[in-house]
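Asks: Dropping a structure here in structure tokens format, bear with me for questions.
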Amino acid sequence: MSTATATSPTFIRSDYVVLGGGALAVVLAGIAHYAGWGEVMPFVLSALAVTLLASLVGRSVEQLGDRFGPGATGVLQSALGNLPELFIALFALKAGLIEVVQAALIGSILANLLLVMGLAFVVGGLKHGHQKLDSQRARTIATLMLVSVVALVLPSLASYVHTPAAAHEKALSMIVSVALLVLFVLSLPASLRKGSTGLSDEMVHEAPRWPIALAVGLLSVAAIAAAFVSDWFVSALEPAMASFGISDAFAGLVIVAIAGNAIENVVGVQLAARNQSEYAFSVVINSPLQIALVLAPLLVILSQVFGFAALTLVFPPMLVVAVFLAVLIAVVITVDGESNWLEGAALIGVYVVVAASFWWG
Amino acid sequence: MSTATATSPTFIRSDYVVLGGGALAVVLAGIAHYAGWGEVMPFVLSALAVTLLASLVGRSVEQLGDRFGPGATGVLQSALGNLPELFIALFALKAGLIEVVQAALIGSILANLLLVMGLAFVVGGLKHGHQKLDSQRARTIATLMLVSVVALVLPSLASYVHTPAAAHEKALSMIVSVALLVLFVLSLPASLRKGSTGLSDEMVHEAPRWPIALAVGLLSVAAIAAAFVSDWFVSALEPAMASFGISDAFAGLVIVAIAGNAIENVVGVQLAARNQSEYAFSVVINSPLQIALVLAPLLVILSQVFGFAALTLVFPPMLVVAVFLAVLIAVVITVDGESNWLEGAALIGVYVVVAASFWWG
Amino acid sequence: MSTATATSPTFIRSDYVVLGGGALAVVLAGIAHYAGWGEVMPFVLSALAVTLLASLVGRSVEQLGDRFGPGATGVLQSALGNLPELFIALFALKAGLIEVVQAALIGSILANLLLVMGLAFVVGGLKHGHQKLDSQRARTIATLMLVSVVALVLPSLASYVHTPAAAHEKALSMIVSVALLVLFVLSLPASLRKGSTGLSDEMVHEAPRWPIALAVGLLSVAAIAAAFVSDWFVSALEPAMASFGISDAFAGLVIVAIAGNAIENVVGVQLAARNQSEYAFSVVINSPLQIALVLAPLLVILSQVFGFAALTLVFPPMLVVAVFLAVLIAVVITVDGESNWLEGAALIGVYVVVAASFWWG
């Protein structure tokens, strides 16, 4: 691995884009927020700033993780990678926007399983024909995805059809959240042993280029900035949606979900384009798995600890229907063992149809 | 391919049966319709005539398609093979029988996925033991089947549980229909390249025996006759069902569905009997795929264009439940990779149970 | 097979435990029942006696079956292995406890598919790493499991959403029960040919040690005792649940289900611990398959023949949701082809969450 020794620069070109663009976007978003630049500009600028900060957090974690071996990167990514989404959701809960948060959680899962996986299949399939997906690891992730989504939607189903449990939706949501977090903790040893889930290490990690102090510093700065920007993003969200005439559900399901996962998504599609289909699949399906295993249960618990608007796992029924069908399709496609561009187009089609059904608020 | 040169006759025995029997059935059905031969005879005769005309359309398309290469046959079959079903559905919509059309669409999917696939497994399994189904192509068709059925039932689910979209069921049905037709058009290049979906060409096509003018002529005559006979069939349907004491839902789900697919179904079972299990599976699952991808969306669009009783994709819930479970079972059996007669018996059992649950109107 | 000749003792140590402990438990349970030892002791003692009698029936059947070849054992096990559960359910129906019986039927399926399979995966995975599950036979059983659960829940779904059939739930339940029993009878030849479903014979059966008269005698005694003890168990159930403050649904779903399957469950986990993962999987999934194919339909028919509280297959919706999701997960894990301890932990987590959602009566 002599390719990445002293001769490699600390920053590569894309680092400058993320750092410079991120700083600029944060500053502009702050000005737009405090100066009150209408309804649309604060939203667009803070969305851009969140996206770039998410990317910066990801890069810092990756540079940092390599010091402790590849396994630690997986754990750190699990712990910190969804930090911006966590901040956004917490501020949105503080503002009482429960429906937006629920829609954004499910929407992130849908966007990854349908839209991003569909794009990855189309791009990969058009460039390279049939692509294989048949690693056992991919199938295990898909199985875990199904199991955690089933657990995630059980309180909803109990609430719809089982009157006695409906009166205890907070308690049942807490039980499910604890079970999901326990499952996440149990999955850590596998991550620590084998690198971030499903990824062979050479493909994932470039050699560390940032000194450890720089990585820690940038991570801290990015995290603090993310906290502020998330606040601005959430307070800009409602007026912007109102001015676009977009419903809360659609905003959470499509706009927040795509903004919050933009960078990871690009990575998945790029990997498929390079014919690393197994790896692309792992990246694409690992993100919704973390939402179901960590982010959603953490938000349920934190919202009750902090006394915010209490998030429960009783989602509006259409979200439950959509996420169940999406995970079913994703599992069938994984077990099927191959992907092609037509399956990708079908996934994108399902995403469009699902999004359309939420268009009317 | 010298087996099919000048020495081969233009018509083989089964052609004579279809042509002669079809002509006779059309004439008798016409007389029964205009002379008003009670409630049962017009129905039986027009059902027989529709079945024979469907077979004649299929034969003409096959003879014709070979002139343009095997791929074109697939496209022509997609475009024209469901012509009689299309006519029946349009006349039924004109007569306001929306529930019958919806039940017939779902019923055709169910009959193929459960009854015909079950019969093919039983016949093939009893004759040849375990049969393999593990081609990648079969799995891709099954995946597309799942995806298109999910898209097809989304407007129903949205309408049941998501109040805002329920008020826009026509618009949502149109969006889904366009998405499904786009998916169908995207699937055409694969069909054009590799012959009708999933079929190796030698097995499917006999060498052309009919001169091109004869094939075009017979196709035109059959199509025109199908239009008339469909009208008679639809107007005979309601009185016949009333005299048998059969509900609209059961009539569409079982009787129209089986009559409309009779010939294709026999082919699938015959292929399984000859141990061509992959091919039999492709034939059996390709038919409901075309109903979901082409026929149903086309009917939604045409019913609004022609101003007939507006067909939407908001089906009665039990139809949605049944088709979802049927496609799930079909996908699991395909991914499972083998069939045996016990799985076939299980499929037939599910069909019987589903049909029974619609017996009471 | 000279290991099991005249030198092998008639009784091995575990036989003494089952025989002695069983006799003692039956006597004590009888005394507790007739003497009225409070609310808890009759329940605990009769539950223990039922468990030990179930084990004794299983042992007798196994010793007996070997005389007629391994295939007959499978049939005998199907016919007699669920005898204690059948008695309990009949007495419970006689006592009008329909909800308990329905919950116990679904609960037995859930306990096997989620809890026991999860424990088997965890134990096997921790001891032996990834374990393979890819026999075609396992996949066929899983497919049959899906098909029979779909048939089993169809009357429920029809009743929830399809008004006309809802008025005929008894008739529809009878039709489904007959279809399931026919499917069971059709599956017998395969069992007779290949031993009890899915098991290679060397692994399953020890050589017969009991003389045939002893086996028949113990089976008869155990069956008669089971009939009495089941009566005591059912009459102790309600007061005990009341004193524990446990709802009917939870009692049936968790307590009756686990007590009724305790011994079989231990066997499945032990086999996984010995790295016989295919065999463990077959044992674990074969038990719920028999509940769906034989026990549930038999109870529906017998309850109407005997004029007890009529059991129908219209279950409370949450039971339907739970069993459908459980069988879906079990099928995906089987088709996935491998198990590991993390998947096992996930299954246990789903079981805990499902049980929790029934905690509140």
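Asks: Would it be correct to say that B:VAL353 is within 13 Å of chain C (Cβ to nearest Cβ), over 17 Å from the mean Cα position of the chain (by Cα) and free of Cβ contacts under 8 Å to residues at least 40 places away in the same chain? Steps first, please.
Replies: Numbers: within 13 Å of chain C (Cβ to nearest Cβ): yes; over 17 Å from the mean Cα position of the chain (by Cα): yes; free of Cβ contacts under 8 Å to residues at least 40 places away in the same chain: yes.
Yes: the conditions hold for B:VAL353.
Asks: So, of the residues in the range C:311-323 that are open to solvent by 20 Å² or more (accessible area, probe 1.4 Å) and touching a residue at least 12 places away in the same chain (Cβ under 8 Å), which turns out to be nearest to C:VAL147 (Cα to Cα)?
Replies: First, the residues of the range C:311-323 that are open to solvent by 20 Å² or more (accessible area, probe 1.4 Å): C:314, C:316-317, C:321.
Now restrict to residues that are touching a residue at least 12 places away in the same chain (Cβ under 8 Å): C:314, C:316-317.
On the way: C:VAL314: 17, C:PRO316: 20, C:PRO317: 19 Å.
Among those that are open to solvent by 20 Å² or more (accessible area, probe 1.4 Å) and touching a residue at least 12 places away in the same chain (Cβ under 8 Å), it is C:VAL314.
Asks: Consider B:PHE306 carefully, then state whether it is open to solvent by 10 Å² or more (accessible area, probe 1.4 Å) and more than 14 Å from chain C (Cβ to nearest Cβ). Before you say what the answer is, go through the steps one by one.
Replies: Values: open to solvent by 10 Å² or more (accessible area, probe 1.4 Å): yes; more than 14 Å from chain C (Cβ to nearest Cβ): yes.
Against the criterion (open to solvent by 10 Å² or more (accessible area, probe 1.4 Å) and more than 14 Å from chain C (Cβ to nearest Cβ)), B:PHE306 qualifies.
Asks: Is it the case that A:GLU169 is modelled with pLDDT of 60 or more and open to solvent by 40 Å² or more (accessible area, probe 1.4 Å)?
Replies: Numbers: modelled with pLDDT of 60 or more: yes; open to solvent by 40 Å² or more (accessible area, probe 1.4 Å): yes.
The answer is yes for A:GLU169.
Asks: Answer yes if at least one residue in the range B:51-63 is at pLDDT below 80, touching a helix residue (DSSP H, G or I) at 6+ places or on another chain (Cβ under 6 Å), open to solvent by less than 30 Å² (accessible area, probe 1.4 Å) and in a helix (DSSP H, G or I), and no otherwise.
Replies: Among the residues of the range B:51-63, at least one is at pLDDT below 80, touching a helix residue (DSSP H, G or I) at 6+ places or on another chain (Cβ under 6 Å), open to solvent by less than 30 Å² (accessible area, probe 1.4 Å) and in a helix (DSSP H, G or I), which makes the answer yes.
Asks: A follow-up question, please. Quick test for you: out of A:LEU105, A:LEU115, pick the one residue that is touching a Phe, Trp or Tyr at 6+ places or on another chain (Cβ under 7 Å), on the phi < 0 side of the Ramachandran plot and at pLDDT 80 or above.
Replies: Working: A:LEU105 fails: touching a Phe, Trp or Tyr at 6+ places or on another chain (Cβ under 7 Å).
Answer to the selection: A:LEU115.
Asks: Which residues, taken from the range C:172-204, are more than 8 Å from every other protein chain (Cβ to nearest Cβ) and at pLDDT 60 or above?
Replies: Passing the criteria: C:SER173, C:MET174, C:SER177, C:VAL178, C:LEU181, C:PHE184, C:VAL185, C:LEU188, C:PRO189, C:SER191, C:LEU192.
Asks: So is B:GLY124 over 19 Å from the mean Cα position of the chain (by Cα), modelled with pLDDT of 80 or more and open to solvent by less than 30 Å² (accessible area, probe 1.4 Å) or not?
Replies: Numbers: over 19 Å from the mean Cα position of the chain (by Cα): yes; modelled with pLDDT of 80 or more: yes; open to solvent by less than 30 Å² (accessible area, probe 1.4 Å): yes.
Taking the combined requirement at face value, the residue satisfies it.
Asks: Out of A:GLU343, A:GLU338, which single residue is facing another protein chain (nearest Cβ under 8 Å), under 22 Å from A:ARG139 (Cα atoms) and open to solvent by less than 20 Å² (accessible area, probe 1.4 Å)? Outline the logic, then answer.
Replies: Details: A:GLU338 fails: open to solvent by less than 20 Å² (accessible area, probe 1.4 Å).
Selected residue: A:GLU343, the only one of A:GLU343, A:GLU338 that is facing another protein chain (nearest Cβ under 8 Å), under 22 Å from A:ARG139 (Cα atoms) and open to solvent by less than 20 Å² (accessible area, probe 1.4 Å).
Each row is one residue, and each column tells you yes or no for (1) out of contact with any strand residue (DSSP E or B) (no Cβ under 7 Å at 6 or more places or on another chain); (2) part of a helix (DSSP H, G or I); (3) within 19 Å of C:LYS132 (Cβ to Cβ).
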residue	(1), (2), (3)
C:GLN304	yes, yes, no
C:GLY307	yes, no, no
C:LEU313	yes, no, no
C:LEU319	yes, yes, no
C:VAL327	yes, yes, no
C:VAL335	yes, yes, yes
C:GLU343	yes, yes, yes
C:VAL352	yes, yes, no
C:ALA356	yes, yes, no
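Asks: Kindly indicate the residue of the range A:239-261 that is modelled with pLDDT under 85, open to solvent by 30 Å² or more (accessible area, probe 1.4 Å) and away from every other protein chain (no Cβ under 14 Å) and also nearest to A:LEU80 (Cα to Cα) among those meeting that condition.
Replies: A:ILE258
Asks: Here is a list: A:ALA292, A:ALA326. Which entry is crowded, with 23+ Cβ neighbours inside 10 Å, modelled with pLDDT of 90 or more, within 17 Å of the chain's Cα centre (by Cα) and at the interface with chain B (Cβ under 9 Å from one of its Cβ atoms)? Working first, answer last.
Replies: Details: A:ALA292 fails: at the interface with chain B (Cβ under 9 Å from one of its Cβ atoms).
Residue meeting the stated conditions: A:ALA326.
Asks: Also: Run A:GLY96 past the list (1) open to solvent by 20 Å² or more (accessible area, probe 1.4 Å); (2) assigned to a helix (DSSP H, G or I) and report the number of the one that doesn't hold.
Replies: For A:GLY96, the exception is condition (2).
Asks: Moving to a separate point now. Quick one: which residue in A:VAL331, A:VAL267, A:VAL300 is within 14 Å of chain B (Cβ to nearest Cβ) and on the phi < 0 side of the Ramachandran plot? Spell out how you get there, then give the answer.
Replies: On the way: A:VAL267 fails: within 14 Å of chain B (Cβ to nearest Cβ); A:VAL300 fails: within 14 Å of chain B (Cβ to nearest Cβ).
Step by step, each of A:VAL331, A:VAL267, A:VAL300 is checked, and only A:VAL331 is within 14 Å of chain B (Cβ to nearest Cβ) and on the phi < 0 side of the Ramachandran plot.
Asks: Right, here's the next one. Being open to solvent by 10 Å² or more (accessible area, probe 1.4 Å), in contact with a Phe, Trp or Tyr (Cβ under 6 Å, 6 or more places away or on another chain) and either among the polar types (S, T, N, Q) or under 24 Å from C:PHE184 (Cβ atoms) (or both): is that true of C:VAL283 here?
Replies: Numbers: open to solvent by 10 Å² or more (accessible area, probe 1.4 Å): yes; in contact with a Phe, Trp or Tyr (Cβ under 6 Å, 6 or more places away or on another chain): no; either among the polar types (S, T, N, Q) or under 24 Å from C:PHE184 (Cβ atoms) (or both): yes.
Criteria not met by C:VAL283.
Asks: Continuing with the same structure: Identify all residues within the range C:151-165 that are open to solvent by less than 30 Å² (accessible area, probe 1.4 Å) and either facing chain B (nearest Cβ under 7 Å) or not hydroxyl-bearing (Ser, Thr, Tyr) (or both); write none if there are none.
Replies: C:ALA151, C:LEU152, C:VAL153, C:LEU154, C:PRO155, C:ALA158, C:HIS162, C:ALA165
Asks: Name the residues in the range B:263-280 that are in a helix (DSSP H, G or I), open to solvent by 30 Å² or more (accessible area, probe 1.4 Å) and touching a residue at least 12 places away in the same chain (Cβ under 8 Å), would you?
Replies: Going through the range B:263-280, the residues in a helix (DSSP H, G or I) turn out to be B:263-273, B:277-280.
With the extra rule that they be open to solvent by 30 Å² or more (accessible area, probe 1.4 Å), the set shrinks to B:263-264, B:266-267, B:269-270, B:278.
Scanning the range B:263-280 gives B:ILE263, B:GLU264, B:VAL267, B:VAL269, B:GLU278.
Asks: Which residue out of C:ILE12, C:ILE31 is touching a residue at least 40 places away in the same chain (Cβ under 8 Å) and either acidic (Asp, Glu) or surrounded by fewer than 18 Cβ atoms within 10 Å (Cβ to Cβ) (or both)?
Replies: Working: C:ILE31 fails: touching a residue at least 40 places away in the same chain (Cβ under 8 Å).
Matching residue, one of C:ILE12, C:ILE31: C:ILE12.
Asks: List pairs: first residue in the range B:96-108 and small (Gly, Ala, Ser), second residue part of a loop (DSSP other than H, G, I, E, B) and open to solvent by 20 Å² or more (accessible area, probe 1.4 Å) anywhere in the structure, Cβ distance under 7 angstrom, at least six positions apart or on different chains.
Replies: From the range B:96-108, the pairs are B:GLY96/B:ALA309.
The values are calculated or read from the model by the stated rules, or taken from the named source; none is laboratory data. Only a predicted model underlies this, so the values are computations on that prediction, with no experimental measurement involved. Quick reminder, even Gly has a Cβ in these numbers, built from the backbone with ideal geometry, and neighbours come from all protein chains shown. Ligands, DNA and RNA are excluded from the accessible area calculation, which covers all protein heavy atoms including side chains. Shrake-Rupley method; radii C 1.70, N 1.55, O 1.52, S 1.80 Å.
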